Every structure is written in structure tokens, then in C-alpha cells.
Amino acid sequence: ETLIANPHRFAGAVMTAPMVGLSPGLAPPMAASLASAMTRVGLGRWRIPGGPVERSRAEPDFDDNVLTSDPHRYARLRALNTAAPHLGLGNPTVSWVRAAFAAMGRVNAQGGAEKISVPVLAVAGAVDKVTDTLATRRLIETIPAGRMVVLPGCRHEVLLERDPYRVRFWAAFERLAAEVAPA
């Protein structure tokens, strides 16, 4: 949103799995309306799914995680969350879901992204089950200097992925950095 509101404030931008749309499996069409209604009746602090809990369930086992295909990086993330649970994200609240849909609506509004004149790189996983890679592609295609790298087999957290995905991310990042801030 900041890039769209202030397109001349930046020399360029890099995004990994930007939340311009949620994975179709996560967000049925009525989710935004339901989250808004639940917030209005005082249920905004409930976590999705499961009601009024302070902490959501523990991280899933590696085989069930949507973040990374790298077992070592996932184990490190779980160890960090065990050692410092206050740093973990947990499941979102209903209010967060409502705000997220509002922000995605503003980002995807007609005419906003077309005004961005700086190079924008989006890097996303082809098998991301959190954000919608196709929605990202549609948005990037409206940015005049937009470009996208889709990593086959990569999940949601590009920088927590296996080294071959990270190498491709850093190569694209360095190309953009050299373009916007030549040595």
C-alpha cells in the first residue's frame, strides 16, 4: 500500500509472496463479509479457526506445513517459536482477517499499481498455499516496470526455502539492486 500511495519515495521494491490475494483454499468468497460482521458483533479478537484463545495451536509437523519445503529451516523455525513463543505469529484474529481483506482491496483497486514507476520485483512460490501467486502475477503485470519470478516447488516463505530457491531469489534481487543503485 505504501508503494502505491508514495510511488516516487522508492527507487525500487522487492516482495516475496506479497499478500495481494489469499490462496483460493484459504478464503471462500464470503470470508471478508463474515470477518466484518463478526468484528462488528465483538468477535474480532477470536482466532481463526477456533474461538477465543490466547495462543493458537502449535506449528504443524513438517509434512503438514505450508511455509517451506526445507526440513532444516522449518525445524529451526519451530525451535525458535518454542524458545520464544511470544515471537510466533499464531493464527490470525478475525479483526486481522477483516483488515487484510480491506488492504488487499485497496492494493488491487483499479489504477493504483499502474502509477508505480519504479522497478518492482515479486518472487513467489508456485505451490504457495497462503498467498495467491496468480493474483500477484495479475498485479505485477499492471506495474510498468514490474517483473515476477515464480519458483516451481517453492512454498510460501521464499527465504526459508531450500537453497536452490534462495539462490534464484538472491540472483533476481541482485539484478534489481544493480539496476536501481548501480555501483
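List the pairs whose first member sits in the range 144-162 and is modelled with pLDDT of 95 or more, whose second member is open to solvent by 30 Å² or more (accessible area, probe 1.4 Å) and assigned to a strand (DSSP E or B), and whose Cβ atoms are under 7 Å apart, counting only residues at least 6 apart or on separate chains?
158/16; 159/16
Mind listing just one residue for me: the one in the range 75-113 that is surrounded by 16 or more Cβ atoms within 10 Å (Cβ to Cβ) and among the basic types (Lys, Arg) and, of those, farthest from residue 43 (Cα to Cα)?
78
May I ask you to list the residues in the range 128-139 that are buried (at least 20 other Cβ atoms within 10 Å of the Cβ) and within 23 Å of residue 5 (Cβ to Cβ)?
Start the filter on the range 128-139 by keeping residues that are buried (at least 20 other Cβ atoms within 10 Å of the Cβ), which leaves 128, 131-133, 135-136, 139.
If the condition is that a residue be buried (at least 20 other Cβ atoms within 10 Å of the Cβ) and within 23 Å of residue 5 (Cβ to Cβ), then 131, 132, 135, 136, 139 are the ones that fit.
Just give me the residues in the range 158-180 being open to solvent by less than 70 Å² (accessible area, probe 1.4 Å) and part of a loop (DSSP other than H, G, I, E, B), in sequence order.
161
Would you point out which residue out of 136, 131, 39 is in contact with a helix residue (DSSP H, G or I) (Cβ under 8 Å, 6 or more places away or on another chain), in contact (Cβ under 8 Å) with a residue 40 or more places away in the chain and among the β-branched types (Val, Ile, Thr)?
Numbers: 136 fails: in contact with a helix residue (DSSP H, G or I) (Cβ under 8 Å, 6 or more places away or on another chain); 131 fails: in contact with a helix residue (DSSP H, G or I) (Cβ under 8 Å, 6 or more places away or on another chain).
39 is the lone residue from the list that is in contact with a helix residue (DSSP H, G or I) (Cβ under 8 Å, 6 or more places away or on another chain), in contact (Cβ under 8 Å) with a residue 40 or more places away in the chain and among the β-branched types (Val, Ile, Thr).
What pairs come up if the first residue lies in the range 55-74 and is among the acidic types (Asp, Glu), the second is part of a helix (DSSP H, G or I) and at pLDDT 95 or above, and their beta carbons are under 7 Å apart, counting only those six or more places apart or on different chains?
Pairs that qualify, where the first residue is among the acidic types (Asp, Glu) and the partner is part of a helix (DSSP H, G or I) and at pLDDT 95 or above, are 70/160.
Search the range 10-20 for residues being assigned to a loop (DSSP other than H, G, I, E, B) and open to solvent by less than 30 Å² (accessible area, probe 1.4 Å), and hand back the single one that is modelled with the lowest pLDDT.
Restricting to residues being assigned to a loop (DSSP other than H, G, I, E, B) and open to solvent by less than 30 Å² (accessible area, probe 1.4 Å), the top hit is 20.
Taking the options 125, 146, name whichever one is surrounded by 18 or more Cβ atoms within 10 Å (Cβ to Cβ) and out of contact with any His (no Cβ under 7 Å at 6 or more places or on another chain).
Working: 125 fails: out of contact with any His (no Cβ under 7 Å at 6 or more places or on another chain).
On inspection, the qualifying residue turns out to be 146.
The values are calculated or read from the model by the stated rules, or taken from the named source; none is laboratory data. Owing to the predicted nature of the structure, the values given are computational and were not obtained by experimental measurement. For neighbour counting, all protein chains shown are included, and Cβ atoms are generated from backbone atoms with ideal geometry for every residue, glycine included. Calculation scope for accessible area: heavy atoms of the full protein, side chains included, ligands and nucleic acids excluded. Shrake-Rupley method; radii C 1.70, N 1.55, O 1.52, S 1.80 Å.
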